[in-house]
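Colleague: Just passing along the structure, written as C-alpha cells.
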Amino acid sequence: MSNYYTTPIYYVNGEAHIGHAYTTFIADMLARYSRLKGETTYFLTGTDEHGQKIEESAVKAGKPTQQFADEISALFKDLWDEFEISYDQFIRTTDDEHKAGVQHAFKKMFDKGDIYKGEYEGNYCVSCETFFPESQLIDGEFCPDCGRTTNTVKEESYFFKLSDYEQKLLDYYEAHPDFILPKSRRNEVINFVKGGLHDLSVTRTSFSWGVPLPKEFGDDKHVMYVWLDALLNYVTALGYGRDDAKMELWPAHMHVIGKDILRFHAIYWPAFLMSLDLPLPKHIAAHGWWTRDGEKMSKSKGNVVSPREVANAYGEENLRYFMMREVPFGQDGDFSQRAFIDRINSDLSNDLGNLLNRIIGMSGKYSDFVIDSVDVEKYHSAELEEMYAILDNVEKYLDEVQTHRFLEELWKVFTIGNKAIEAHAPWVKIKEGKTDEALATVALVANVLAKASLLLHAFMPKTTNIIADTLGFEINTASYNALLKEKKLLETFTIKKIGPLFPRVEEPLMEEAPKAMMEPEKPKESKKPEAVKEDGAGLITFDEFFNTTLKIGTVVEAEEVPKSKKLLKLQVDLGEDELRQIVAGIKDYYSAEELVNTQVCVVANLKPAKLMGIMSAGMLLAAKDDDGLCLVRPEKPRKVGSSIG
Ligand code: MSP
C-alpha cells in the first residue's frame, strides 16, 4: 500500500501567505504520519507557472516571464525548505518533463475522440483563468467567483468533451461516498454536475505563455488551458507519458486543496483521468478559507499574513498546531493573534508544556532523573486503560482529515496525566518512603507524553523530537509500533532537564493589520462591485457623509512605536482640551520628526482601538497608489479643529 499526497501547485504571481501554508502543513502532516506508520509515502508540491495571469504579472514586474516565474517559484521552495516541509518532489509546470507529459495526455485524449476543435465565444476571467456563461456574471460583467471584470473573448479553441462524462462522474460520486472530503461538500459538486456540464475549452490563442500543442497538430497558435496543464502535474510528476516506473504510486491517496478549487479537482480532473484510462484519486480533501481578524486577506488592504513573519514571531510549529487545531477541516478560519496566543498559552504551555516540566522537576528531585524498572501497571492500570481508550481511537479522525478532532481528542490524555499526579501526589509518597510508587506516577506521565508525542509528531516534528529526547527515546516507526501498537511502556529511562518548551506569550508579538489608515479598496477586489448606478444605488446622502467628523489637526508630537515596522504614535491637536493620540501605519513613508508641526486631516469620531497595545483615537486621511502613500493635508494652514466638509 502506498500513500501519495499532494498540495495544489501554487501560482507564481505572488508570495506565499498563510492560506498556502495551511494547505502545505496539512499535506505535510499526512505524509509524515503515513511515513511514521511505515507506509510507502510520496509527497508532491510545486508551482503552477503558466497562463495569462502569470504573463501579466511578469509584465507588471518588468521581468521576462520565465525569470519572474523562476524567482517566485524559488520563494515558495525556500519557504517550504525553511519550514522543513517533507516533500519528496517539487514540480514546476515549466519543467520540460511536465510539458512533455501534458502534450502526451492531450494527444491521447484527442486520439480517443475526447478533444475536438471548435470556436469559443465567452466571458473570460483572467484572475480565475476561467470562462463563465453570461447568465453567471454579476451585473452582466463581473466574475461570479472573484468579482473582477471579465473580458469578452472570441477565439478558435480545442474542446474537451466534458459533457460526455456527466453521468460517469455522477455514478462515481455515488459509488465512492468519501471521494470528496469533508462529505458536506459532496452535494455541492453533485448539484453542479447535475446542472449540466458544457464541453470545456482546453486551449487558448489569446496569449502564448503555456504548453504548446504537440508538434504533430501543426497548430502553434494554441497553448494549453492552464488548468489542464496544472492538474496533470499530479501524474507527470510520477513520469506519466515518459517513464512509468513511479506511476505505481498512482492513484493518489489524497489531493489536499482549498474549497475554491474543488470544482477543478472533483469534476474536471476525474473526467480527464477517465479519458486517459487512469484510476481516480481516492480522496479530494477541500479545506476552508482563512481570513485575518475577520477580513478577507488582500494585498491592497495590506493585511496578508506572511507565514515567515508569523513563524519568526511565534514559532513555525506553533503556527502549524494553531492552524490545524483551531479550525474544523473544511470550514473557514480566522487568523487573529488573540486566538493564536490563547492556543499557545492554554494548549501548549499549560497542558503539554507544564506536564513535561512537572515530570522533569519530580524525576530530578526524587531519583536524579533516572527511572529504573518501575512498575507502572501495578499502580496505574486504570489510567493506562483510560489513555488507550483515547489513543486507540484517535487515528480514525485523520482518515477524514479532521485535524481539530484528532488534536482535541489527543489532548485528553494530558488531563489524564495531570489528574494522576494530583490523585497520587508523588511528593507525599516520597515522604512516606514509597519511592517506587512515586516514580511509577512519574513514569506513567512520561508514557502519556511519549505516546502522545508519537501521535503529535506529524503536526509538530521538531518539538516532539525534543520531547522524545527528553524522555530518552526516538520517534520512528519502531517506537510507533512498540509504544502504540504493542502498547509497550517506557519503564527504564533517564529524563533530561530542559527549559520550558512553550514560553507563555503575554501580548501580541506581531504588528496588527494596519487599520489606522484609510486604504482605498480596489473595486475589483470586492465580490459584488459597487458601481454608482443611474438610479442612485451606491450613492450616499449628505447626512450619511456628515456622520463622519473630519477635522484639521496639527501634529504636536510623533514617535516610533517600538518593535513595529509600520506604526508611528502621534499626539494631534484638534482644538480639544486634550491632545488626541493617533497610531498610524505610515512609518514607511514619513519619519516621526518630519511630521511634527505639520497639519493633517483626521477622522475624529472613529471608535478608539488598540494597535499593538496602544490606544488610537482617530485616523489620518491618506492616499495611496503604486508610488506609495501620502497624507492628505489642507492646501493652506487652517485653525486646529476646523471641520472638513
Ligand atoms: N494554481 C492553482 C492550483 C492548481 S492545482 C492543480 C491555484 N493556486 S493558488 O496559489 O491560487 O492557490 C493554491 C491554494 O491556496 C488553493 O488550495 C487555495 O485554496 C489556497 N488558498 C489561497 N488563499 C487562501 C486563503 N486565504 N485561505 C486558505 N487557503 C487559501 O489555485
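Colleague: Checking the conditions here, which among S616, S643 is surrounded by 16 or more Cβ atoms within 10 Å (Cβ to Cβ), in contact (Cβ under 8 Å) with a residue 40 or more places away in the chain and among the small types (G, A, S)?
Modeller: Working: S643 fails: surrounded by 16 or more Cβ atoms within 10 Å (Cβ to Cβ).
Going through S616, S643 in turn, the sole match is S616.
Colleague: In a helix (DSSP H, G or I) and more than 9 Å from the ligand (Cβ to nearest atom) - does that describe any residue in region 290-304? Break it down into steps so the answer makes sense when it comes.
Modeller: Step one: list which residues in region 290-304 are in a helix (DSSP H, G or I), which gives none.
For region 290-304, residues in a helix (DSSP H, G or I) and more than 9 Å from the ligand (Cβ to nearest atom): absent.
Colleague: From the set of residues in region 309-339 that are acidic (D, E) and touching a strand residue (DSSP E or B) at 6+ places or on another chain (Cβ under 9 Å), which is surrounded by the fewest Cβ atoms within 10 Å (Cβ to Cβ)? Please lay out each step first, then the result.
Modeller: Within region 309-339, the subset acidic (D, E) is 309, 316-317, 326, 332, 334.
Now drop any that are not touching a strand residue (DSSP E or B) at 6+ places or on another chain (Cβ under 9 Å), which leaves 326, 332, 334.
Numbers: E326: 20, D332: 12, D334: 14.
Ranking the candidates gives D332 first.
Every residue, every condition in (1) open to solvent by 10 Å² or more (accessible area, probe 1.4 Å); (2) under 25 Å from the mean Cα position of the chain (by Cα), yes or no:
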{"position": "V442", "(1), (2)": "no, no"}
{"position": "V445", "(1), (2)": "no, no"}
{"position": "S453", "(1), (2)": "no, yes"}
{"position": "A468", "(1), (2)": "no, no"}
{"position": "I475", "(1), (2)": "yes, no"}
{"position": "K488", "(1), (2)": "yes, no"}
{"position": "E491", "(1), (2)": "yes, no"}
{"position": "I498", "(1), (2)": "yes, no"}
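Colleague: Identify, from the list H222, H255, the residue that is crowded, with 17+ Cβ neighbours inside 10 Å and within 13 Å of the ligand (Cβ to nearest atom).
Modeller: Numbers: H222 fails: within 13 Å of the ligand (Cβ to nearest atom).
Sole residue among the options that is crowded, with 17+ Cβ neighbours inside 10 Å and within 13 Å of the ligand (Cβ to nearest atom): H255.
Colleague: Among (1) away from the ligand (no atom under 14 Å from the Cβ); (2) outside any loop (DSSP other than H, G, I, E, B); (3) among the hydrophobic types (A, V, I, L, M, F, W, C), there is one condition W269 misses while meeting the rest; what is its number?
Modeller: It is condition (1) that W269 fails.
Colleague: Applying the selection to region 237-254, what residues are among the hydrophobic types (A, V, I, L, M, F, W, C) and more than 25 Å from the chain's Cα centre (by Cα)?
Modeller: Filtering region 237-254 down to residues among the hydrophobic types (A, V, I, L, M, F, W, C) leaves 237-238, 245, 247, 249-250, 252, 254.
Hits for region 237-254 are L238, A245, M247, L249, W250.
Colleague: Between a first residue in region 211-238 that is part of a helix (DSSP H, G or I) and a second residue that is within 16 Å of the ligand (Cβ to nearest atom) and among the polar types (S, T, N, Q), which pairs have beta carbons less than 7 Å apart while being 6 or more apart in sequence or on different chains?
Modeller: Taking only residues 6 or more apart or on different chains, the pairs are D229/T93; A230/T93; N233/T93; Y234/T6.
Colleague: Hey, another quick one. Anything in region 279-289 that is open to solvent by 30 Å² or more (accessible area, probe 1.4 Å) and either within 13 Å of the ligand (Cβ to nearest atom) or of a type in the set (A, V, I, L, M, F, W, C) (or both)? List them, or say none. Walk me through how you get there before you give the answer.
Modeller: Of the residues in region 279-289, the ones open to solvent by 30 Å² or more (accessible area, probe 1.4 Å) are 279, 282, 289.
The answer is W289, and nothing else.
Colleague: Are any residues in region 400-427 open to solvent by less than 60 Å² (accessible area, probe 1.4 Å), assigned to a helix (DSSP H, G or I) and β-branched (V, I, T), and if so, which ones?
Modeller: Those that are open to solvent by less than 60 Å² (accessible area, probe 1.4 Å), assigned to a helix (DSSP H, G or I) and β-branched (V, I, T): T403, V413, I416, I421.
Colleague: With open to solvent by 40 Å² or more (accessible area, probe 1.4 Å) and in contact with a Leu (Cβ under 9 Å, 6 or more places away or on another chain) as the only criterion, which of Y158, Y172, Y120, Y165 stands out? Write out each step before concluding.
Modeller: Numbers: Y158 fails: open to solvent by 40 Å² or more (accessible area, probe 1.4 Å); Y120 fails: in contact with a Leu (Cβ under 9 Å, 6 or more places away or on another chain); Y165 fails: open to solvent by 40 Å² or more (accessible area, probe 1.4 Å).
The match here is Y172.
Matching residues to (1) touching a residue at least 40 places away in the same chain (Cβ under 8 Å); (2) touching a strand residue (DSSP E or B) at 6+ places or on another chain (Cβ under 9 Å); (3) among the hydrophobic types (A, V, I, L, M, F, W, C):
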{"site": "G361", "(1), (2), (3)": "no, no, no"}
{"site": "D372", "(1), (2), (3)": "yes, yes, no"}
{"site": "V376", "(1), (2), (3)": "yes, no, yes"}
{"site": "E385", "(1), (2), (3)": "no, no, no"}
{"site": "V394", "(1), (2), (3)": "yes, no, yes"}
{"site": "V401", "(1), (2), (3)": "yes, yes, yes"}
{"site": "H404", "(1), (2), (3)": "yes, no, no"}
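Colleague: For V532, all conditions in the list (1) among the aliphatic types (A, V, I, L, M); (2) modelled with pLDDT of 95 or more; (3) more than 25 Å from I341 (Cβ to Cβ) hold save one; what is the number of the exception?
Modeller: Here V532 meets the rest and fails (2).
Colleague: Here is a follow-up. If you scan region 190-219, which residues turn out to be open to solvent by less than 40 Å² (accessible area, probe 1.4 Å) and either of a type in the set (S, T, Y) or within 14 Å of the ligand (Cβ to nearest atom) (or both)?
Modeller: Scanning region 190-219 gives S201, T203, G210, V211.
Colleague: I would also like to ask the following. If you scan region 375-399, which residues turn out to be surrounded by fewer than 17 Cβ atoms within 10 Å (Cβ to Cβ) and in contact with a Lys or Arg (Cβ under 7 Å, 6 or more places away or on another chain)?
Modeller: Y388
Colleague: Answer with yes or no whether W250 is aromatic (F, W, Y) and more than 11 Å from the ligand (Cβ to nearest atom). Steps first, answer last, please.
Modeller: Values: aromatic (F, W, Y): yes; more than 11 Å from the ligand (Cβ to nearest atom): yes.
Spelling it out, W250 is indeed aromatic (F, W, Y) and more than 11 Å from the ligand (Cβ to nearest atom).
Colleague: So, K99, is that one at pLDDT 95 or above and in contact with a Ser or Thr (Cβ under 8 Å, 6 or more places away or on another chain) or not? Reasoning before the result, please.
Modeller: Numbers: at pLDDT 95 or above: yes; in contact with a Ser or Thr (Cβ under 8 Å, 6 or more places away or on another chain): yes.
Judged against the criteria, K99 is a match.
Colleague: Now, a different point. Going by the structure shown, is N357 over 18 Å from I498 (Cβ atoms), part of a helix (DSSP H, G or I) and either at pLDDT 95 or above or of a type in the set (F, W, Y) (or both)?
Modeller: On the way: over 18 Å from I498 (Cβ atoms): no; part of a helix (DSSP H, G or I): yes; either at pLDDT 95 or above or of a type in the set (F, W, Y) (or both): yes.
Judged against the criteria, N357 is not a match.
The values are calculated or read from the model by the stated rules, or taken from the named source; none is laboratory data. Keep in mind it's a predicted model, so treat the numbers as computed, not measured. Backbone-built Cβ (ideal geometry, glycine too); neighbour counts: all protein chains shown. The protein model used for the area step is the full one, side chains on, heavy atoms only, and it has no ligands, DNA or RNA in it. Shrake-Rupley method; radii C 1.70, N 1.55, O 1.52, S 1.80 Å.
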